[in-house]
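Take a look at the structure below.
Since every read-out is calculated from the coordinates, none of them should be taken as a lab result. All of these numbers come straight from a predicted model, not from anything done at the bench. Methodologically, a virtual Cβ is constructed for each residue, glycine included, from the backbone with ideal geometry; neighbour enumeration extends over all protein chains shown.
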Amino acid sequence: MQHAENGIALSQLDLDTVLPYLDLHLMGATNGVRLFDAAARSWAGTPFEPVFERLRQDIHEEREYLKRMIRALGHRPNVVKMTVARLLTMVSEWNPLNPGRRQATAGAQLELEALQSLLKVKEGMWATLHALSLHSTAVAGEPVLNHSVIEQLLASSREQQQTVARVMTETASGRFLRA
C-alpha cells in the first residue's frame, strides 16, 4: 500500500469509479500537453509564446503527477484510452481549430476558447479530488490523495484559466476589429 502524509485512505475510495475517471483525465491531459504545444507554435514570435510554453510545461508536470497518483492507487492507465489519447495528439499536432497558426483569425479565438475549456475540465477534476480529500478520515501515514498538493493544483488550474483569458482578451481586437 502506498503512503502519503496528510492524504485520503485508499480503503475509502471506490476504485471502480475513481480509476476510470482518472484514466479519462489522464487521456485529456495527454492531449492537453499537445494542444498547449500547438498554441505555443501558433503564438511563436509574440510576447505570448513563453506564456504558452510555460502552460505546456505546467500541464505536462500535472499529467505526470496524475500518472503517479493513478499508479499509487495500484492501477496502470487503460491501454485503450491511452491509445485513443495518442491518436488525438496527432490531431492536436495538426491544430484543426487554427491550422494556419495565425493570431488574427477566428480559428485563433476558437483555439484559445478550447484551451480554456480544457483547463476548466481539469479544474473540475482537481476540485473533485479536493472535495474527496476534505472528507477523508485518513491520518498521517495512510494513502494516497494529498490534500495540500491537490489544493495547489486546483489553484494553479484557476490561474492557468486566467492566463489564457488574459491572452484572449488582450489579442481579441487584432482578430475582430478593423484597422
- prompt: Under a 5 Å amide H to amide H cut-off, with H placed in plane at 1.01 Å, what residues pair with Leu145 once short-range neighbours are removed?
  reply: Ile8
- prompt: Once amide H atoms are placed 1.01 Å from N in the peptide plane, what residues at a sequence separation of 5 or more from Gly74, or on another chain, have their amide H within under 5 Å of its amide H?
  reply: none
field: Hz values of 3J(HN,Hα) by residue in region 12-17 - Karplus curve (6.51, -1.76, 1.60), Gly and Pro given as x
entry: 7, 7, 8, 5, 5, 9
- prompt: Put a dot 7 Å past each Cα toward the Cβ at Thr17 and Glu49; how far apart are the dots in nm?
  reply: 4.7 nm
